[in-house]
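Take this structure first; my questions come after.
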Amino acid sequence: MEVFSNLIETDFFDVYETDEEGDTILMDIVWAGNLDYVKFLVKSGLDINKIDSGYDFALWLAARQGWTEIFDYLSPLTFPELREIAEKALPQGIIYRQRKNNHAVELFVDDAFDGNIAALNHALSQGIEIDAISSNGEAALHKAIRNNQLSAVKLLIKAGANPNFKVEEGWEYTPLMVAINSASIDYAIFQVLIEAGANLNGSSSRGETVLMLAVLTLNIDAVRRLLELGVDVNAKDIYGHTALYYAIACRHRDEIVVEEIISLLKAAGAKEA
């Protein structure tokens, strides 16, 4: 703290300086979770109600990161209208911090992403909860899929990972949707998930289906396989759109591939709306 205090008092350090996005040093320190430095900066006269270009402000950052002590300190000093916004974000922030502090799960999920089979086996032997959610709202299976780790996916499925466990953040994709959403994913992962009982008609929070994502990523092999397996070809998302609607909308991207996809969909009885 003494070094920090001395640095601020020098001519080389402007405590009121902001970066390109309008973030202040106070915002950065709040995000890092250092209560002592936060108190020091507030007592130095920094504006805790300053809002950056992304509409972030100190109390909201504390809420988002789940720093409850910093939140409690800044809360009475924050404008009421800003405090109300931050209070709504705090419950999810607390969950995030609890998960972030669960180092065993965080490491397990990271090992899945890296395809570290030895580490995964060790964690499983120690009784790790296989579908435990990490701080970013994903389980190990989602992470392994995202990084195209076929061996890790097979291991997790064999060990009992839920092939229909949805990502908690974002659009709530199932593992199969995570796989389909990336054209670079090994097709074998797609097959492993199907064999494990993945819901072929599962949908996201926006009503997107696995088939729609296969169409949007121009994954013709996945489209063909899904149709063979009898997916609902005319399922609609929350906007009332079908897989065929999205295929037609993708014509400008790769006309040859899209036309083949459209033909497959129509042969299966697809309707545009």
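I want to confirm something. Restricting to region 172-192 and keeping residues that are more than 23 Å from THR242 (Cβ to Cβ) and hydrophobic (A, V, I, L, M, F, W, C), which single residue is surrounded by the fewest Cβ atoms within 10 Å (Cβ to Cβ)?
The residue in question is ALA188.
Related question: Working only within region 234-256, note down all residues that are closer than 11 Å to ALA273 by Cα and either among the β-branched types (Val, Ile, Thr) or surrounded by fewer than 15 Cβ atoms within 10 Å (Cβ to Cβ) (or both).
Within region 234-256, TYR239, GLY240, THR242 meet the criteria.
So, of the residues in region 189-238 that are of a type in the set (S, T, N, Q) and part of a loop (DSSP other than H, G, I, E, B), which turns out to be farthest from GLU260 (Cα to Cα)?
Here the residue is SER205.
While we're here: Does ASP110 satisfy being under 22 Å from GLY22 (Cβ atoms) and either part of a loop (DSSP other than H, G, I, E, B) or under 21 Å from the mean Cα position of the chain (by Cα) (or both)?
Spelling it out, it is not the case that ASP110 is under 22 Å from GLY22 (Cβ atoms) and either part of a loop (DSSP other than H, G, I, E, B) or under 21 Å from the mean Cα position of the chain (by Cα) (or both).
Follow-up question, since we're still on this one. Being within 29 Å of GLN92 (Cβ to Cβ) and assigned to a helix (DSSP H, G or I) is the filter here, so list the residues in region 125-156 that pass it.
ALA140, LEU141, HIS142, LYS143, ALA144, ILE145, ARG146, ALA152, VAL153, LEU156, listed by residue number.
Residue by residue through region 43-59, note down the ones that are farther than 17 Å from ASP19 by Cβ, at pLDDT 95 or above and part of a helix (DSSP H, G or I).
Within region 43-59, LEU59 is the sole residue that qualifies.
The values are calculated or read from the model by the stated rules, or taken from the named source; none is laboratory data. Values in this document were obtained by computation on a predicted structure and should not be read as measured data. Please note: Cβ atoms are built from the backbone with ideal geometry, for glycine as well, and neighbour counts cover all protein chains shown.
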